[in-house]
Amino acid sequence: MAGRINDDDVKAVRDAVPIDSVVSEYLQLRNAGGGNLKGLCPFHDEKSPSFQVSPAKGLFYCFGCQEGGDTVDFVMKIDHLSFAETIERLAGLAGITLRYEEGGYTPGRQQGERIRLVEAHKHAAKFYADQLDSPEAEIGRAFLAGRGFDQAAAQHFGVGYSPAGWDHLTRFLRGKGFSDKELILSGLAQDSRNGRPIDRFRGRLMWPIRDITGEVIGFGARKLRDDDNGPKYLNTPETPLYRKSHVLYGIDLAKKDIAKTSRAVVVEGYTDVMACHLAGVTTAIATCGTAFAADHVKILRRLLMDNSRSKVIFTFDGDAAGQRAALRAFEDDQKFAAGTNIAVSPGGMDPCELRLDRGDEAVRQLVDDSTPLFEFAIRSVVERHEADTPEGQAAALEEAAPIVAGIKDSSIRHQYAVRLAGLLGILDTQFVVMRVGQLARWARERGNRPDQGRTHRAAAAAAPRPPAPRGARGPALNLRSPAQLTERELLKLALQRPELVAPAFDAYGEDEFTAAPYVAVRCAIEQAGGVTDAPADYLTRVRDAAPDDTVRSLVTELAVEAIRHKSVDEIYAGMQLVQVRLRAVERRVKEVQGSLVRLGAQAAPDHLAAVQNELWVLEQYGRALKDRGAAAL
């Protein structure tokens with residue numbers, strides 16, 4: 001059983017790895033003002049960035065889905081790791097050797113499952129790369145040379161070779177301390193007929209497949225010999241690390257330039273990615289044995305940020321299947337599709353063949369000369385028909401019009417309807433526009449027929465209800481309330497700039513906050529020791545003091561949310577302190593006045609005098625707050 005990681009080491013890991021450096025491995029971050037960064041949330045789909053990172057506080061928070069936390073929370077959530085696995089992974093990045101309470105230093109058997117599988121792949125990648133220099137791998141080196149790749153190119157992409165024997169890698173990894181169960185779970189080995197694990201990849205050229213952070217999570221293997229009865233390309237099967245629909249080959253090498261240039265080039269294979277990068281198209285990536293789909297779109301959207309310059313260029317084949325695949329990938333995200341182009345090389349050559357035949361410049365030109373996706377689709381349809389005859393025009397119109405009608409943006413749809421008329425040579429442009437509009441209207445009506453609506457409602461009523469979204473938990477906050485808005489601002493100051501509200505804030509009671517969630521945050525701050533002389537790990541202490549995930553999420557949100565003022569100083573902090581206290585005094589004044597009315601003339605003199613005295617004190621204090629501001633606190 002794994003020992004507990006030493007608390008001091010956990011704290012050292014939290015402090016050593018900046019949150020912005022970790023998050024930027026997964027998405028593009030931009031300046032959000034106030035020292036914060038923003039990007040598209042990796043935990044839910046969104047069109048505009050509501051995900052913010054505060055490097056100074058070491059926290060992230062999404063104002064869309066309410067996910068938030070520190071560096072450890074981010075890695076746990078995005079990579080589905082346990083707490084221990086996350087600490088181990090971040091410790092590796094920071095070069096920190098962990099101690100375990102039960103003794104010893106990071107023994108391999110104590111690492112989490114994912115960490116172990118990543119380590120196995122790391123060793124396997126090194127093993128395969130070393131084997132590429134072996135006499136047996138001559139056939140692999142010849143394959144690479146025949147496609148224009150020298151030894152330096154192979155090393156840059158980590159290309160290797162798997163020996164043709166049954167269990168070379170298996171025996172090598174056993175020697176590194178990995179169990180047969182781990183080797184099979186990783187997809188590096190498979191069961192044989194005699195019950196002993198054997199290598200999954202044998203006698204093949206090997207490409208390591210890395211995730212966006214650069215960790216090897218799988219392999220692509222290319223057949224080299226005629227007596228190999230397996231498929232031309234064999235990939236790692238689905239494992240806890242490797243899900244082919246969530247992987248893009250080359251993303252680790254391309255991500256920085258994709259974010260920098262707002263352009264991604266999608267090619268079909270590993271050698272095409274290599275050819276593009278070596279030709280200077282360093283934003284090239286490829287899917288791994290599957291069609292480009294919605295999950296791949298999500299990966300790119302987080303890097304491209306959907307700005308107006310964003311562009312995705314496909315070098316897929318210009319056949320009908322390639323068109324359908326490209327269009328289908330963007331059915332649910334046409335804002336992204338509007339920036340999508342198709343590049344078809346002369347003679348149908350892929351980028352690798354084009355580089356060999358015509359050189360690096362031809363590859364760069366192929367990408368630069370790409371055509372917008374929608375135009376490519378309708379042009380391809382028109383070219384299949386004899387548009388110089390009435391019959392051909394009619395047939396092409398009926399096939400291309402539904403493609404244009406499927407464009408959700410009405411202004412873009414109109415422009416392509418006009419473009420289609422021009423490609424068909426139809427002088428009556430309005431006729432084509434009307435036909436496209438008619439098809440678009442019919443499509444909308446088919447999607448909302450009364451009988452369909454009743455069926456959908458009945459099915460929805462019978463189906464189990466999904467869990468409530470994160471944002472719906474806990475008592476609601478009224479952000480239109482001036483009182484609650486000021487309370488929120490004061491709590492943000494207490495979390496982000498505790499020195500500005502100390503020591504006065506620590507004397508504020510729960511009754512000075514009108515919203516129950518804010519009362520809970522106030523209590524968490526108190527439990528963490530208050531704002532006066534707040535230590536370096538103050539925010540971590542407040543989050544740890546939160547009674548549940550709902551309050552902890554609100555603490556994170558308030559710690560990241562921008563303060564509503566350009567000049568965040570003692571004067572502004574004093575104004576918030578005074579407003580919260582003054583409103584609390586005014587509420588108490590009303591309560592005491594009500595008590596006096598209820599007591600009436602029959603009340604005991606001593607009791608009546610005490611209530612009247614309290615009212616006088618409150619009114620004097622309220623007047624002082626108005627006149628003297630923070631000096632009266």
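Since every read-out is calculated from the coordinates, none of them should be taken as a lab result. Just so it is clear, the model here is predicted, and its values are computed rather than measured. Positions of Cβ are generated from backbone atoms using ideal geometry, with glycine treated the same way; all protein chains shown enter the neighbour counts.
Tabulated results
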read-out: Segment 113-242 pair-distance distribution - Cα-Cα, 10 Å bins, rounded %; value: 13, 47, 33, 7, 0
read-out: Net +/- balance of residues flanking residue 346 in space, Cβ distance below 12 Å, scoring K and R +1, D and E -1; value: -3
read-out: Cβ-derived FRET efficiency at R0 51 Å, residue 544 paired with residue 383, nearest 0.05; value: 0.20
read-out: Estimated 222 nm signal from helices in the chain, with DSSP H stretches of n ≥ 4 weighted -39500 (n - 2.57), rounded to 500; value: -16000 deg cm²/dmol
read-out: Length gained when the stretch residue 25-residue 101 is fully extended (0.36 nm per residue, less Cα-Cα span); value: 24.2 nm
read-out: Under 15 Å, Cβ to Cβ, from residue 289 - net charge with Lys/Arg +1 and Asp/Glu -1; value: +3
read-out: Relative contact order [Cα under 8 Å, 6+ residues apart], segment 482-632, whole percent; value: 27
read-out: Where the Cα pairs of segment 144-202 fall when distances are cut into 5 Å bins, in %; value: 4, 18, 23, 17, 12, 12, 9, 5, 0
read-out: Linear extension gain, residue 233 paired with residue 193, 0.36 nm per residue minus alpha-carbon span; value: 12.1 nm
read-out: Cβ-placed point charges (K, R +1; D, E -1), dipole of the chain about Cα centre in debye, nearest 20; value: 980
read-out: Relative contact order computed over segment 388-447 (Cα-Cα under 8 Å; 6+ residues apart), in percent; value: 37
read-out: Computed lengthening from residue 429 to residue 612, 0.36 nm per intervening residue step minus Cα-Cα distance; value: 57.5 nm
read-out: Per-peptide average of other Cβ atoms within 10 Å, ordering 52-60, 295-303 highest first; value: 52-60, 295-303
read-out: Two-site label geometry, residue 375 and residue 290: point separation in nm, points 7 Å out along Cα→Cβ; value: 3.3
read-out: Pairwise label distance in nanometres, residue 368 with residue 80, each label 7 Å out on the Cα-Cβ vector; value: 4.3
read-out: Descending Cα extents along the principal axes, segment 482-632, whole Å; value: 56, 34, 26
read-out: Relative exposure of 282, 340, judged by other C-beta atoms within 10 Å (fewest first); value: 282, 340
read-out: Positive-end residue of 142, 100, 529, charge dipole of the chain with Cβ unit charges; value: 529
read-out: Under Karplus coefficients 6.51, -1.76 and 1.60, residue-wise ³J(HN,Hα) of segment 358-371 in Hz, glycine/proline x; value: 10, x, 5, 4, 5, 5, 5, 5, 4, 5, 5, 9, 5, 10
read-out: Neighbourhood charge, 14 Å Cβ-Cβ cut-off, centred on residue 621 and excluding it, Lys, Arg +1 and Asp, Glu -1; value: +2
read-out: Cα→Cβ-extended label distance, 7 Å offset, between residue 356 and residue 623, nm; value: 9.4
read-out: In degrees, nearest ten, helix 482-496 long axis to first principal axis of the chain (Cα); value: 70
read-out: Proportion of all alpha-carbon pairs of the chain beyond 34 Å (%); value: 59
read-out: Relative contact order [Cα under 8 Å, 6+ residues apart], the chain, whole percent; value: 9
